[in-house]
Amino acid sequence: MIYLDNSATTPVDPEVLKAFVKVNENFWGNPSSLHAFGARAEQLLIQSEKQVLSLLNAKQHKVIFTSGATESNNLAIRGLCHAYKNRGRHIITTPVEHASVHETIEELEAEGFRVTYIDVKGSNADIVKQIQEAICEDTILISCMHVNNEMGMVFPIYEIGQLLKKYPKVKFHVDAVQSVGKIPVDIDKMNIDLLSLSAHKFHGLKGSGALIVNQYLSLKPEITGGHQMYGLRSGTINVAGAVALAKALRLAIEPLQTNYQHVKQLFDHTMNELRKIDGVVVNSNHEHQTPYIINFAAAPIKGETLVHALEEYDVYISAKSACSSKSATASRILLALGISDEVAQESVRVSFSNLSTMEEVDRLIKALKIVVAQLKH
């Protein structure tokens, strides 16, 4: 099997799975219990939090372990806006955010919050300039992803963070799902208040994520009832999931630069080969581009048709993001970036991990050439 849909999910690292099983076998006590057995589980939770904060250089933050980035994004955005709505009701974001950000902000807009959507078709410098011009006395939140999940464009998170040092009342949320464990993420240097991540994007377990929160921020909880996780997420804490997430994060970040160089070679080779195929248009050509994602179209073949045709060769890629791939409509994200409706419906995504190989890329290209030739006639 040639699996090149790693932005949807990655295979679980065996060491991560071992850690998860070990905790469930030996430290399954409730960390909220008063007895010593529960306290041992709580200690593992504390150690996991410290490790996550250290790996992401977050010295004044705390970790809310969640079920994944969708929950983290909802808690960060809705929780902050509801906590600070008396201070202001203006949100700044982009039109290419993940659905868990985009739809949450749309719901807040329906509640009476005002939203400014930044045009992201230009340069990163232009994006920062637009944000600065949009900030006003009523602004309480800027929410911007680090790496776009469909196109792979990298947003100027560091520059936005530096800008916001001039506006301490404006809080900064970053959806870092496609960047954590793949490119450098430094929460303190980037001046990030809230950061969302999901373990299964870097060889961790599904159903395990985190929201990294500046400890001086107020949030209104989405889940109430037991006051766990600093009172921000009630319910019995998944200690094994937290330990496994911290383990996966360490295994991803320690060799991050080596993995990046490996994937960059795959990216360059794939881009060169794609451009040789008649009818293929590469969409992922942003000035700042992660090598982990390539978006392209093979006109006039619909993306869904191409995905299923490649399955016959045991090659797995995706059309749009996994969260919206079953929708028949063109990608909202590609349309917002100025790509035509026709090309957007024809577009597919190849996404790598550190486990991807050059042989897999060559087999993808070989299969793609055959499939494109067949489907165009």
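The values are calculated or read from the model by the stated rules, or taken from the named source; none is laboratory data. Quick caveat: nothing in here was measured; it's all calculated off a predicted structure. Backbone-built Cβ (ideal geometry, glycine too); neighbour counts: all protein chains shown. Surface areas here come from the heavy atoms of the whole protein model, side chains and all, with no ligands, DNA or RNA. Shrake-Rupley method; radii C 1.70, N 1.55, O 1.52, S 1.80 Å.
Matching residues to (1) among the polar types (S, T, N, Q); (2) open to solvent by 20 Å² or more (accessible area, probe 1.4 Å); (3) out of contact with any helix residue (DSSP H, G or I) (no Cβ under 8 Å at 6 or more places or on another chain):
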| position | (1), (2), (3) |
| --- | --- |
| Q265 | yes, yes, no |
| D268 | no, yes, yes |
| E287 | no, yes, no |
| A297 | no, no, no |
| D314 | no, yes, yes |
- Message: Please verify whether R87 is outside any loop (DSSP other than H, G, I, E, B) and either of a type in the set (G, A, S) or open to solvent by 20 Å² or more (accessible area, probe 1.4 Å) (or both), treating the condition exactly as stated.
- Response: no
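Every residue, every condition in (1) acidic (D, E); (2) free of Cβ contacts under 8 Å to residues at least 40 places away in the same chain, yes or no:
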site: D13; (1), (2): yes, no
site: A58; (1), (2): no, no
site: S67; (1), (2): no, no
site: N86; (1), (2): no, yes
site: I105; (1), (2): no, yes
- Note on the structure: Those residues of segment 164-223 which are part of a strand (DSSP E or B), open to solvent by 20 Å² or more (accessible area, probe 1.4 Å) and either within 16 Å of Q51 (Cα to Cα) or at pLDDT 95 or above (or both) amount to K171
- Message: Among the residues that make up segment 272-289, is at least one of them part of a strand (DSSP E or B) and either under 26 Å from E49 (Cβ atoms) or of a type in the set (D, E) (or both)?
- Response: no
- Can you tell which of K129, K121 is closer than 19 Å to H102 by Cα and open to solvent by 20 Å² or more (accessible area, probe 1.4 Å)? K121
- Query: Can you name the residue in segment 316-337 that is at pLDDT 90 or above and either open to solvent by 50 Å² or more (accessible area, probe 1.4 Å) or not in a loop (DSSP other than H, G, I, E, B) (or both) and, of all such residues, is nearest to K121 (Cα to Cα)?
  - Reply: A336
